[in-house]
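Novice: Below is a structure I'd like to ask you about.
Every number here is computed from the coordinates shown, using simple stated rules; none is lab data. Source: prediction; values computed, not measured. Glycine also receives a Cβ, built like all others from the backbone with ideal geometry; neighbour counts cover every protein chain displayed.
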Amino acid sequence: MGQALRSFSADLGEGTNGMADAASGAPASTKALGRNVPVLSLSFFAVTLGNSLWLSLLPIYLDSLRFNAFLIGLTLTSYTGATSLVYLPSGRLSDIVGRRAPLLGGCLTVTVGTFLLHLAQTPELMIPLLLVVGVGQGLMGPSATALVAESVTPAKSGFAFSVYLIASTSASMVGSASSGVLAGLISYRNLFLIAGLLGLSSLTALYLLVQEPSGRREGSLGSAVHKSLAGSVSGTVSLLRAQRDLLYLAVALSFHSFGLAMINPYVTLFAKDAVRMSIAEAGFMLSLQSLGLLLAQVPFGQMTDRFGARAMLLAHFVLSSLSWSFYALSSSALVAYVTVLFFGIIGAMDMPARRTLMVEYSSAEVGKATVIGSLDAIIGIAGIAAPIIGGLTWSSLGYTAPFYVAATLNIGASIPLVMLLRRRKPKPEGLA
């Protein structure tokens, strides 16, 4: 494994910051930077595989527990909302204390919360535990993304993000494809136990192998948490005031994410109720989305490096609206399968472009994780109510309505992005 990590690091290119040894805290060589990408990729493969086993079919499971459409939306909102709210202080905390503490704390929280979800079958238990898992995800996300960016040269960032995303995408594909079958064999509730064990393996790998960027620790962890919480809102407002481009990007991504969050819980319910798929067929359908992401991730990451993140993100928005509308027209399982595969292919345009843009606006004064965490929080908070609104739309206007409404909102996301396209790209020397 050591030789494989060295080879992979060389392919990605060396980073530019000093590192600290994971065990001792002593500075490591610059060559150790690139090894973080495969370590993070494998660790997040395990976490994502576990999550996708239960999360992809969670709406159908909640439906079997007699949750109505509103409660299904509310339950999903508790998970996504907690993640989004924690992003705001999490990025700042990571820039102060380093990447390892939020990564390890987040992974531990996800693991414990997932084990406990095995016991939950009512909204009173399900919603608080999904909040716990969402908090853990929010702690991990900005640190992992910033660490990927710090572990390679800027010219390789699109490719590095693609490699990192391939790991989670392939895990989602495997998890979605097998979730329905496993639920039938061992019961859906036991999927939470499998996910907890996978989270435990990821926690071990992160503790033993992730290398820490140096030069961040400012005081105790407690004071750092207080500083991150106290300055998260005011700091984000100041950041958006200082950089108009980030405001445009935040507005564009907020509209897009609202539309996506509006339809996400109802993709599988549409397959079950409108297309009459079984739970295993719905799980297989979601695996096709992950397959599309997997096949297109590296090509679109390389296209992001070549043609620019702004153009790729705009193309993603337009094609997403078309695909969501086409899905609502699905009259058979075959049509739904093809459309969801297309979901995945065009979805691969998103994250390499989004993350590359966010990193462009970091600086020596404003760290990468702060920018990523602040924007992810804004985007997520903007979409907190989206699953609930999707549920109300589903109940009052019919199965297809959430998809058409979301597609229309998504077209609106293109307007601030076009404004961003017309502005100049920030200078490379502004990067940390």
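Novice: Fewest to most neighbouring Cβ within 10 Å: what's the order for Phe115, Phe70?
Specialist: Details: Phe115 17, Phe70 14.
Lowest count first: Phe70, Phe115.
Novice: So how much slack lies between Ile186 and Leu392, counting 0.36 nm per residue of separation and subtracting their Cα-Cα distance, in nm?
Specialist: Working: separation 206, 0.36 × 206 = 74.16 nm, distance 3.28 nm.
Going from the current span to full extension adds 70.9 nm.
Novice: Sticking with this one: Once you have the Cα-Cα distance between Arg66 and Asp273, take 0.36 nm times their residue separation minus that, and quote the gain in nm to one decimal.
Specialist: 73.1 nm
Novice: Among 387-397, 283-293, how do they line up from the highest to the lowest mean number of other beta-carbon atoms within 10 Å?
Specialist: Sorting 387-397, 283-293 by mean packing, highest first, produces 283-293, 387-397.
Novice: For each of Asp350, Asp63, count neighbouring Cβ atoms within 10 Å of the residue's Cβ, then give the residues from fewest to most. Write down the numbers at each step before the final one.
Specialist: On the way: Asp350 21, Asp63 18.
Arranged by neighbour count, lowest to highest, Asp350, Asp63 become Asp63, Asp350.
Novice: Could I ask something else about it? On full extension of the chain, what length is gained from Ser201 through Glu124, given 0.36 nm per residue of separation minus the C-alpha to C-alpha distance?
Specialist: On the way: separation 77, 0.36 × 77 = 27.72 nm, distance 2.91 nm.
Length difference between fully extended and current span is 24.8 nm.
Novice: Please order Leu147, Leu193 by the number of other Cβ within 10 Å, starting at the fewest. Before the final figure, lay out each step's value.
Specialist: Values: Leu147 27, Leu193 17.
Ordered from fewest to most neighbouring Cβ atoms within 10 Å, Leu147, Leu193 come out as Leu193, Leu147.
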